[in-house]
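Enquirer: I have a structure I would like to understand better, so I am pasting it below and will then ask my questions one at a time.
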Amino acid sequence: MTVLRKTLLASAAAAAMAGSASAEGMIAYFASTSQNGFNQATFEGVQEVAEARGYGAEMIDGQFDAAVQYGQIEDALASDKYVGMIVAPNDSVGIAGAFEQVVAEGIPIGAVLFPIGPDLNTLEPQVDGITVTAASPPVPGATSQAEDVVEHCADKAPCNVVIIIGAKIFPFDNLRLETFQRVLGEEDNIDVVAVGEGWYAPDPSLQAMTDILQASPDVDVVLSNADQHLVGVEIALEAAGMDVSDVYLSGGGAAAIAIDAIREGRWDATLAYFPKTMGALAMEQIANAIEGKPVNSMINMDESGPIEAMIDAEVLEANPDFSGEWEQ
């Protein structure tokens, strides 16, 4: 560890423990992309806790590019600017080497949304020395979403399902897709008529759903891992002359727009990831590590949010003040 980095860590720890709001320590949040509301909300959580604990925080745009993000972490490490790092990984497996470099230099580093390593369904550290993982294992959540679809389709044969996933190049999206297909494939009355990629944005989701409807106009369910996808899906359904409320729509993320749509009866469910809470909880543990305090290294966001993770109208009725933690 360089002398400058040791000095930064020591001064940050001392100032934070003294309650100073002007600690000389910066936290880097490596967003998978800075261009969507989910990453921005995660950074808000990081930033609020960082400031409360006496640190500064900076978001670095990973541009949905694993190679770019890997290089950004290496550059940040070489800069000696940061006393802590939090990463929303674009490639949760390939980024492990960058984490190892940071750990070797004694900098606290954590992961949000996904664990680092080949097993996406464990919060146990797969890289020695990772400070904290605040994540939602993909398979349990995707299983819950698919099981809700099974329940909805119970009295309908056939029940035609469209899946809109983020992108097949992402290992976590492949795992979700495989889970959706496995659960739905066990039901004789359910037909998965198409799979589209939404790239976590309304426009490509609109295009994907428009193309799907031209080939398969009879759709009962759209199952997705992202609320941004359903924004485009809804437009495509309306353009095709369909009543949106007749189609079971399940998204992911619990964006404010999804919460409103469920309350209005247009959408049916969303699997929450609670990005602002996630960023805040991760930042608390990074600060604890810098300051030599006890650290909770594993935070399961399916169990750590302000309300139940699988949100439908009934859950919202029981939690009337919940409005979502981010804009799509």
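Enquirer: Can you tell me the orientation of helix 202-215 relative to the chain, as the angle in degrees between its alpha-carbon axis and the longest Cα principal axis, to the nearest 10?
Expert: The two axes meet at around 30 degrees.
Enquirer: If I model a spin label at GLU187 and ALA240 as a point 7 Å from the Cα along the Cα→Cβ vector, what separation in nanometres do I get?
Expert: 1.8 nm
Enquirer: Within the chain, how many Lys pairs sit with Cα atoms under 27 Å apart, leaving out pairs fewer than 8 places apart on the same chain? Mind showing how you got there, number by number?
Expert: Values: LYS6/LYS81; LYS6/LYS293; LYS81/LYS276; LYS81/LYS293; LYS168/LYS276; LYS276/LYS293.
Close lysine pairs found across the chain: 6.
Enquirer: Taking a spot 7 Å from the Cα of VAL68 along the direction of its beta carbon, which residues of segment 159-185 have an amide N less than 18 Å from it?
Expert: 167-171
Enquirer: Moving to a separate point now. Nearest 5 percent is fine: what portion of the DSSP beta bridges confined to the chain is antiparallel?
Expert: The answer is about 5 percent antiparallel.
Enquirer: Using the alpha-carbon centroid of each, what span in Å lies between segment 223-253 and segment 257-328?
Expert: Taking the Cα centre of each part, segment 223-253 and segment 257-328 sit 22 Å apart.
Enquirer: Roughly what % antiparallel, to the nearest 5, for the DSSP beta bridges in segment 197-328?
Expert: 30 percent
Enquirer: Now a separate question. What is the helix-to-structure angle for 37-53, meaning the angle in degrees between its Cα long axis and the longest Cα principal axis of the chain, kept from 0 to 90 and rounded to the nearest 10?
Expert: Taking the Cα atoms of the chain, the angle to 37-53 is about 30 degrees.
Enquirer: Do any GluC sites (Glu not before Pro) in segment 208-292 lie in a DSSP loop with no more than 16 other beta carbon atoms within 10 Å, and if so, which?
Expert: GLU264
Enquirer: Put a dot 7 Å past each Cα toward the Cβ at SER304 and THR143; how far apart are the dots in nm?
Expert: 2.1 nm
Each value in this text was obtained by applying a stated rule to the coordinates, not by laboratory testing. Fair warning: this is a prediction, and the values are worked out from it, not measured in the lab. With ideal geometry, Cβ positions are generated from the backbone for all residues, glycine too; neighbour counts draw on all protein chains shown.
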